[in-house]
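Shown next, in structure tokens, is the structure this report addresses.
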Amino acid sequence: MTTTQPRLFTVQEYHKMADLGILHPDERVELIEGQIVKMAAKNPPHSAITKRTADILRDLLTGKADIRVQEPIYMSDRSEPDPDIAVVKIDSRDYIDRHPVPDDVFLLVEVADRTLTYDCNKKAALYARASIPEYWVIDIKDEKVIVFRKPESKTYQQKSVQDKQTLLHLTTFPDIYLEVGKIFP
């Protein structure tokens, strides 16, 4: 019996497919571990909570970090996800020459309405492998934030669930607190 293996793509090949029109500009896809993955459609609560969270983080971190919304992060030669929110180092050229890489990232955030399991498992493993220091999954349905910290190998050593009453501090900015309740309308 012959076994088949999926054809995995590099970031360079992925970009070439976009340049050649194989991937349409309106397609919502990202490259995860060599596979082109279709992203879930954004419904109004997803869009609203992404915007609210990005605005809160922008207010809290002005002059300390750049907030990117649904923009690529170059994780490796085979992964370039588009997290809902990325808190990254300020780059004087606004990353015009390259996408941020893991060493530039303070925090990644995914907003989950239909993708909670995927975000808490596949994405968490990808981000832990890249040593992203902190990763949040905002669970729209249960109005909670799942916080992943202390990456080691393929997993985060620390996982906690924060409710609307929590004051959540950022690992890389310990003097900055976000009121979880402000994320949810």
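The values are calculated or read from the model by the stated rules, or taken from the named source; none is laboratory data. Note that the structure is a prediction, hence the values are computed from the model and not measured. Cβ: placed from backbone, ideal geometry, glycine included. Neighbour counts: every protein chain shown. To get the accessible areas, we keep the full protein, side chains included, count just its heavy atoms, and leave off ligands, DNA and RNA. Shrake-Rupley method; radii C 1.70, N 1.55, O 1.52, S 1.80 Å.
Of note:
- Legend: calculated FRET efficiency, K89 to Q5, from the Cβ-Cβ distance at R0 = 45 Å, rounded to 0.05, equals 0.75.
- Chain lengthening between S153 and A18 when straightened (0.36 nm per residue, less Cα-Cα): 45.5 nm
- In the chain, the DSSP-assigned H stretches of four residues or longer account for a calculated mean residue ellipticity at 222 nm of -5500 deg cm²/dmol, using -39500 (n - 2.57) per stretch and the full residue count as denominator.
- Charge sum, other residues only, whose C-beta stays under 9 Å from Y95's C-beta, Lys/Arg counted +1 and Asp/Glu -1: -3
- Take each peptide in 46-57, 151-162, count the other Cβ atoms within 10 Å of every residue, and average; sorted highest first, the result is 46-57, 151-162.
- Among the listed pairs K159/K182; K144/K182; K123/K159; K122/K144; K64/K122, those whose Cα-Cα separation exceeds 23 Å are K64/K122.
- Distance between the C-alpha centres of segment 151-185 and segment 91-110: 20 Å, rounded to the whole angstrom.
- Projected onto its three principal axes, the C-alpha set of segment 1-64 covers 56, 25, 23 Å, listed from the longest axis down.
- Crossing angle, helix 44-61 versus the chain [Cα axis fit, 0-90 degrees, rounded to tens]: 60
- Cα→Cβ-extended label distance, 7 Å offset, between T172 and I56, nm: 1.9
- By accessible area with a 1.4 Å probe, ligands and nucleic acids excluded, highest first: order of R98, R114: R114, R98
- Scattering profile of segment 45-114 at q = 0.17, 0.22 Å⁻¹ [log10 I(q)/I(0), Debye over alpha-carbon scatterers]: -0.60, -0.96
- When all protein chains stay in place and ligands, DNA and RNA are ignored, the 1.4 Å accessible-area order of K64, K38, K16, largest first, is K38, K16, K64.
- Estimated vicinal HN-Hα couplings, Hz - segment 116-132 in sequence order (Karplus 6.51, -1.76, 1.60; Gly, Pro = x): 4, 5, 4, 5, 7, 10, 4, 5, 4, 5, 4, 5, 5, 4, 8, 6, 5
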